[in-house]
Amino acid sequence: MADAKVIPFDDDRSRARRRPARAEGEAPVRALPAQPRGQDRTRDRDGDQEAGEDPGQGLASGSEAPGIAAGEGERDGWERRLASGLAFLRRRVTGDYEVDEFGYDEELTDQVLMSLLRPVYEKYFRVEVKGIENIPAEGGALVVANHSGTLPLDGLMMQVAVHDHHPADRHLRLLAADLVFMMPVVNELARKAGHTLACGEDAERLLRAGEIVGVMPEGFKGIGKPFAERYKLQRFGRGGFVSTALRAGVPIVPCSVMGAEEIYPMLGNARTLARLLGLPYFPLTPTFPWLGPLGALPLPTKWTIEFGEPIPTDGYPLEAAEDPMLMFNLTDQVREQIQHTLYKLLVQRRSVFF
């Protein structure tokens, strides 16, 4: 299999923290864009229509019967999709595609990974998105969200929400825990979907390149908390995400995810088994592990993801990133805004499942 093109991020190859190595023969690295993704672009999910093309162009008024025209149009659509799929496979086989320095494969994410996640997002969890306009149309931004659900499905649903609903066609790059990059298969998929280590240096590089970066400061404390503590935010660490946003001069966008807490109600934690497996926790739910693999199926709760008003950071001096009191105050402000929004959404919710 031929190698794909590698375009370096920049001429600086020094790294303060080692990033997961790419497998031999994997597509090489491309540079991150100088301007935000999606600018001056229109995404067509099915590939049936070019950006700016009139869907009715080329059909003479009254020239054909409606049924015939519709049938031919549908057949042409399927042919175009088939041709697009075959072209995609050819590029994967020949290596004629690009990934960036972090392993992000935009084409694979858009055409395959998002297509696999979209039915879960739209049909299973029926996610409702609010405040998507609070994510800037251009430039970098740090999206800070609560974390819950025993398994980190909330991050994936946030990715789909930004990918499918933002008018400027933005992409969310998530910061993930080291454990994600230690798991076979998951490691490769995470990198290709745009995830990178929860490392301040990596996050700052992405933000300065104009990317939307997502972080969940609660970490394992958030997704592994007991069901009795649902929707009660855990500690947000030492405010490292605030320091990163201050250094990059990008806004912080608080994000509240409601619905993920109930997909795996965690009633207990088998700590001994978790230590043996090298996991931060081993959940005991009403269905897992009692029902085996069937118990791993999440409950079909109704989700709401709300992006709050951005908190600007570009008005602070450069040395502000080293001010512990300022970082504490901004961290507390972000946390309180997310918590307040969660309480508001819970009051408005009619049912966990509808």
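The values are calculated or read from the model by the stated rules, or taken from the named source; none is laboratory data. The shown structure was predicted, so the numbers you read here are calculated from the model rather than taken from an experiment. Methodologically, a virtual Cβ is constructed for each residue, glycine included, from the backbone with ideal geometry; neighbour enumeration extends over all protein chains shown. Keep in mind that these areas ignore ligands, DNA and RNA; they rest on the heavy atoms of the full protein, side chains included. Shrake-Rupley method; radii C 1.70, N 1.55, O 1.52, S 1.80 Å.
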Of a type in the set (S, T, Y), buried (at least 16 other Cβ atoms within 10 Å of the Cβ), at pLDDT 95 or above and farther than 30 Å from R247 by Cβ, is that true of T301?
-> yes
Quickly run through region 122-160 and pick out the residues that are assigned to a helix (DSSP H, G or I), among the charged types (D, E, K, R) and in contact (Cβ under 8 Å) with a residue 12 or more places away in the chain.
-> E133, D154
Does R350 meet the test of being more than 26 Å from the chain's Cα centre (by Cα), of a type outside the set (D, E) and closer than 30 Å to H163 by Cα?
-> yes
Matching residues in region 259-303 (assigned to a helix (DSSP H, G or I), hydroxyl-bearing (S, T, Y) and in contact (Cβ under 8 Å) with a residue 40 or more places away in the chain) number 0
Identify, please: which residue in region 311-323 is open to solvent by 70 Å² or more (accessible area, probe 1.4 Å) and of a type in the set (D, E, K, R) and is, among those, farthest from R230 (Cα to Cα)?
-> E319
Is there a residue being surrounded by 13 or more Cβ atoms within 10 Å (Cβ to Cβ) and closer than 30 Å to K123 by Cβ anywhere in region 324-339?
-> yes
When the residues of region 165-188 are filtered to those that are free of Cβ contacts under 8 Å to residues at least 60 places away in the same chain and in a helix (DSSP H, G or I), which remaining residue is nearest to the chain's Cα centre (by Cα)?
-> H165
Filter pass, K344 being open to solvent by 70 Å² or more (accessible area, probe 1.4 Å) and basic (K, R) | yes
From the set of residues in region 76-104 that are of a type outside the set (D, E) and not in a helix (DSSP H, G or I), which is modelled with the highest pLDDT?
-> Y104
Of (1) open to solvent by 20 Å² or more (accessible area, probe 1.4 Å); (2) closer than 27 Å to Y124 by Cα, I223 fails just (1)
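Results for (1) within 20 Å of the chain's Cα centre (by Cα); (2) closer than 26 Å to M325 by Cβ; (3) of a type in the set (V, I, T); (4) open to solvent by 60 Å² or more (accessible area, probe 1.4 Å), shown as yes or no for each residue.
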| site | (1), (2), (3), (4) |
| --- | --- |
| G219 | yes, yes, no, no |
| S243 | no, yes, no, no |
| C255 | yes, yes, no, no |
| M258 | yes, no, no, no |
| I263 | yes, no, yes, no |
| T285 | no, no, yes, no |
| F288 | no, no, no, no |
| E309 | yes, yes, no, yes |
